[in-house]
Each structure stands twice: as structure tokens, then as C-alpha cells.
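K.L.:
Sharing a structure with you now.
Please treat every number below as a calculation from the coordinates, not as lab data. Note that the structure is a prediction, hence the values are computed from the model and not measured. Note that we place each Cβ from the backbone using ideal geometry, even for glycine, and neighbour counts take in every protein chain shown.
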């Protein structure tokens with residue numbers, strides 16, 4: 001069984017429609033002009049909604065980007081829980097672990113600008129992603145039957161390698177623009193695969 005993740009709170013139908021309209025509009029604005037051009041006023045005008053609706057929904061400009069990340073995080077987690085293997089169920093646990101790290105690396109790098117914009121000026125906002133990543137890695141390690149003395153600690157260390165500061169620092173030093181460049185994402189994904197294969201003694 002895969003690790004469950006929290007469900008979003010139930011919304012009224014009109015609130016849900018407004019939220020989805022705003023998120024779709026924000027995605028379009030980012031695709032057209034980049035993260036820096038997305039403002040509360042611009043989002044409200046582009047979506048055809050009142051500015052008060054945007055403030056009630058997101059609170060701050062950073063809240064827009066946190067909502068975007070949250071929505072995409074739920075989609076990613078759904079693929080892990082019920083999508084096709086090897087990322088989803090049905091594959092060997094080591095193959096799933098390799099696939100998870102590779103896909104997670106690209107997922108994070110491709111959204112690094114949104115992640116930076118999701119940080120409030122008053123201070124950093126902790127990501128909830130490791131709440132899913134760490135237990136998922138721990139589950140796969142245990143399913144793999146590697147005879148590890150302490151899979152819990154190893155899961156924590158692997159989560160740090162995947163979600164932690166080193167990935168952020170490397171991304172800032174070598175900004176990623178997609179999978180086809182020459183290519184931080186591929187280097188990190190290949191490094192993850194090598195690490196897991198050696199752990200499994202393949």
C-alpha cells in the first residue's frame with residue numbers, strides 16, 4: 001500500500017471554480033511572461049474576478065505560488081500512488097525508488113522559480129513535500145528487503161539528498177530550463193540512480 005497524502009479541504013462549488021480559474025490564469029501568465037510578471041492585480045484582471053476574491057483565496061502574492069505548487073504536488077503524488085509503473089505501483093521496489101528520485105528531481109527543478117516566489121518576504125515557508133517523500137522512500141526500502149539495519153535513518157538521508165538544500169544550491173548555481181539541456185536534471189537523476197543501484201548492490 002502506498003503512503004496516503006492529505007486531501008484538500010472541501011470547497012463550495014463557486015469557490016472551487018474561482019480557485020481553478022485563478023490557478024489556470026496564473027499558469028498561463030507564467031508561461032507567457034514568467035513568474036515575476038504575476039501580480040495580485042494582474043491575476044484578478046486577467047481572470048475577470050475581483051481583487052478581493054484573489055486576496056481571500058491566496059492572502060498574498062506568495063500564496064498564489066504556494067497554491068500552484070500544492071496543486072501540482074497533489075498531481076505528482078497521485079501519479080506515484082496510482083499511476084503506471086515504475087513510478088506507480090506494480091514495479092520492483094528498487095525500480096520504483098529509482099523512478100521516484102528521477103521524476104522528483106525533474107519535478108523540483110522545473111518548478112524552482114515558482115518555489116522561490118512561494119517564499120514570503122517575512123521568512124521561508126517550509127515545504128510539505130518531505131512529509132510524502134520520506135515515508136514513501138522508507139516504504140520502498142522496507143519492501144526491497146535489503147536487510148538494512150536502520151531504514152528509517154537512511155530514508156531521512158535520502159530525502160535530504162532529494163528535497164534538501166544541496167538541490168536548491170545546485171539549481172541556483174546552474175539554473176535548469178528543462179530536461180533537454182546539458183543538463184543539471186539529468187546529472188542529478190543519474191546520480192540518484194547510481195546511488196540507489198549501489199545501495200541495492202546491482
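K.L.:
So between residue 37 and residue 107, what do we pick up on full extension, going 0.36 nm a residue minus the alpha carbon distance?
P.N.:
Values: separation 70, 0.36 × 70 = 25.20 nm, distance 2.21 nm.
Computed gain between residue 37 and residue 107 is 23.0 nm.
K.L.:
For the ranges 189-196, 104-111, what's the packing order if you count other beta-carbon atoms within 10 Å of each residue, average per peptide, and put the highest first?
P.N.:
Descending mean neighbour count gives 104-111, 189-196.
K.L.:
Multiplying the sequence separation of residue 55 and residue 152 by 0.36 nm and subtracting their Cα-Cα distance, what value in nm do you get?
P.N.:
30.8 nm
K.L.:
Also: What Kirkwood radius, in Å to one decimal, follows from the Cα pairs of the range 39-146?
P.N.:
With all distinct Cα pairs of the range 39-146 included, I get 15.7 Å.
K.L.:
Continuing with this model, one more query. So, by mean Cβ neighbours within 10 angstrom, what's the order for 114-120, 96-102 with the highest one leading?
P.N.:
Descending mean neighbour count gives 96-102, 114-120.
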